[in-house]
Amino acid sequence: MTTAPERTADLYPTRGATEVATPRQDPVVWSEPGTAGPFTGEELTGFERDGFATIDQLISDDEVTRYRAELDRLVTDPQVRADERSIVEPASGETRSVFEVHKISPVFAELVRDPRVVGRARQILGSDVYVHQSRINVKPGFGATGFYWHSDFETWHAEDGLPRMRTVSVSIALTENLDTNGGLMIMPGSHLTFLGCAGETPRDNYKKSLQMQDAGTPSDEALTGFADRHGIRLFTGRAGSATWFDCNCMHGSGDNITPYPRSNVFIVFNSVENTAVEPFAAPVPRPEFIGARDFTPVS
Ligand SMILES: O=C(O)CCC(=O)C(=O)O
Ligand SMILES: [Fe+2]
């Protein structure tokens, strides 16, 4: 008699017939209390409660200048622009995101290895970590479109096969994030509830969802309930500031119609004890430049 290979249990059902809320089944901070690292105990407590922690100045002004020059280079380099890693604005054709910047740019690779960055990720995830995704989001002025409300984990679970909520993102501002230029909004405390979304994942969903998300989008009713319960926080900060946020935060951002670009670099760290398996709710995994399948720890 043969037995079928055991599938990883699905703790977070999504993309079924109806929208369904599941309480979080995982810790938020995985390291033992008192584990040394760049975050203070107080910051970690806040992260556990709210799902995010902000750092006023993660990198210096000189470093901002260097990383921003590298961002500009990546956005204007015709070879990078022609690469599938570049996602353009549907209307203007301008570059909106470039993925896997830690692989295509030695400068951003350095940022990932920086102890101020990877050290915080290790502290939250309580293990060695690898990069599940990295990207720059450029958001130029005069009409860059926003990112509709979503939980990143919903997509990473459904389409990339991350089993548990043991993943954290950092968004580092490379231009000033004003209250007017399409900054990141998070619903504090929303990371404690998983909202499984209704609707099947179309094949090659990522091609559309990177410009405008559709599958994996919460209903207006659910978002109203979340917002009424948790409120909405807008993150502002000078270039060099950073927001760390849990993988299951309900978040999004508005359009940028100001003249001032809002450019950030995002790095997503996943625990080496939570590596990707088969997608939980999609026909095939997304390409590796969006969801890594190389689990080599950052050293
Ligand atoms: O850049 C933003 O405003 C939000 C980006 C985001 O949510 C994402 O890249 O998953
Ligand atoms: Fe996101």
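The values are calculated or read from the model by the stated rules, or taken from the named source; none is laboratory data. Note that this is a predicted model, so its numbers are computed, not measured. A quick note on method: Cβ atoms are made from the backbone with ideal geometry, for glycine too, and the neighbour counts reach across all protein chains shown. Side chains included, ligands, DNA and RNA excluded: accessible areas come from the protein's heavy atoms. Shrake-Rupley method; radii C 1.70, N 1.55, O 1.52, S 1.80 Å.
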In contact with a Leu (Cβ under 9 Å, 6 or more places away or on another chain), in a strand (DSSP E or B) and more than 10 Å from ligand 1 (Cβ to nearest atom): is that true of Ile124 in this structure? no
State yes or no: is Tyr148 more than 27 Å from Gly254 (Cβ to Cβ) and out of contact with any His (no Cβ under 9 Å at 6 or more places or on another chain)? no
Return the pairs, sorted by first residue and then second, in which the second residue is in a loop (DSSP other than H, G, I, E, B), the first residue lies in the stretch 103-115 and is surrounded by fewer than 17 Cβ atoms within 10 Å (Cβ to Cβ), the beta carbons are less than 7 Å apart, and the residues are 6+ apart or on different chains. Arg113/Val298
Of (1) away from ligand 2 (no atom under 16 Å from the Cβ); (2) over 15 Å from Trp156 (Cα atoms); (3) in contact with a strand residue (DSSP E or B) (Cβ under 7 Å, 6 or more places away or on another chain), Glu273 satisfies all except one. Which? (3)
Please find, within the stretch 242-277, the residue that is nearest to ligand 1 (Cβ to nearest atom) out of those that are farther than 25 Å from Leu192 by Cβ and open to solvent by 10 Å² or more (accessible area, probe 1.4 Å). Asp255
Condition first: under 21 Å from Glu43 (Cα atoms) and not β-branched (Val, Ile, Thr). Now tell me which residues in the stretch 98-135 satisfy that. Asp114, Pro115, Arg116, Gly119, Arg120, Ala121, Arg122, Gln123, Leu125, Gly126, Ser127, Asp128
Looking across the stretch 3-56 at residues that are of a type in the set (Val, Ile, Thr) and over 14 Å from Ala121 (Cα atoms), the single one that is most open to solvent (accessible area, probe 1.4 Å) is Thr3
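Could you run through the stretch 233-268 and say how many residues are within 14 Å of ligand 2 (Cβ to nearest atom) and not aliphatic (A, V, I, L, M)?
Final tally of qualifying residues: 14.
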Could you tell me which numbered condition Ser92 fails, if it satisfies all but one of (1) assigned to a helix (DSSP H, G or I); (2) at pLDDT below 95; (3) not aliphatic (A, V, I, L, M)? (1)
Quick check: is even one residue across the stretch 197-208 within 16 Å of ligand 2 (Cβ to nearest atom), among the hydrophobic types (A, V, I, L, M, F, W, C), buried (at least 20 other Cβ atoms within 10 Å of the Cβ) and touching a residue at least 12 places away in the same chain (Cβ under 8 Å)? yes
Could you tell me whether the stretch 29-38 includes any residue that is under 19 Å from the mean Cα position of the chain (by Cα) and within 17 Å of Val170 (Cα to Cα)? yes
Within the stretch 129-239, strands (runs of 3 or more DSSP E) holding 3 or more residues that are away from ligand 1 (no atom under 16 Å from the Cβ) and at pLDDT below 95: none
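Inside the stretch 47-66, can you point out the residues that are over 19 Å from the mean Cα position of the chain (by Cα), in a helix (DSSP H, G or I) and touching a residue at least 24 places away in the same chain (Cβ under 8 Å)?
Of all residues in the stretch 47-66, those over 19 Å from the mean Cα position of the chain (by Cα) come to 56-57, 59-66.
Keeping just the survivors that are in a helix (DSSP H, G or I) gives 61-66.
Selection gives Asp61, Glu63, Val64, Arg66.
Rundown of residues vs (1) open to solvent by less than 10 Å² (accessible area, probe 1.4 Å); (2) among the small types (Gly, Ala, Ser); (3) without any contact (Cβ under 8 Å) to a residue 12 or more places away in the chain, yes/no style:
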position: Ile87; (1), (2), (3): no, no, no
position: Ala91; (1), (2), (3): no, yes, no
position: Ser127; (1), (2), (3): no, yes, no
position: Phe142; (1), (2), (3): no, no, no
position: Pro163; (1), (2), (3): no, no, no
position: Val170; (1), (2), (3): yes, no, no
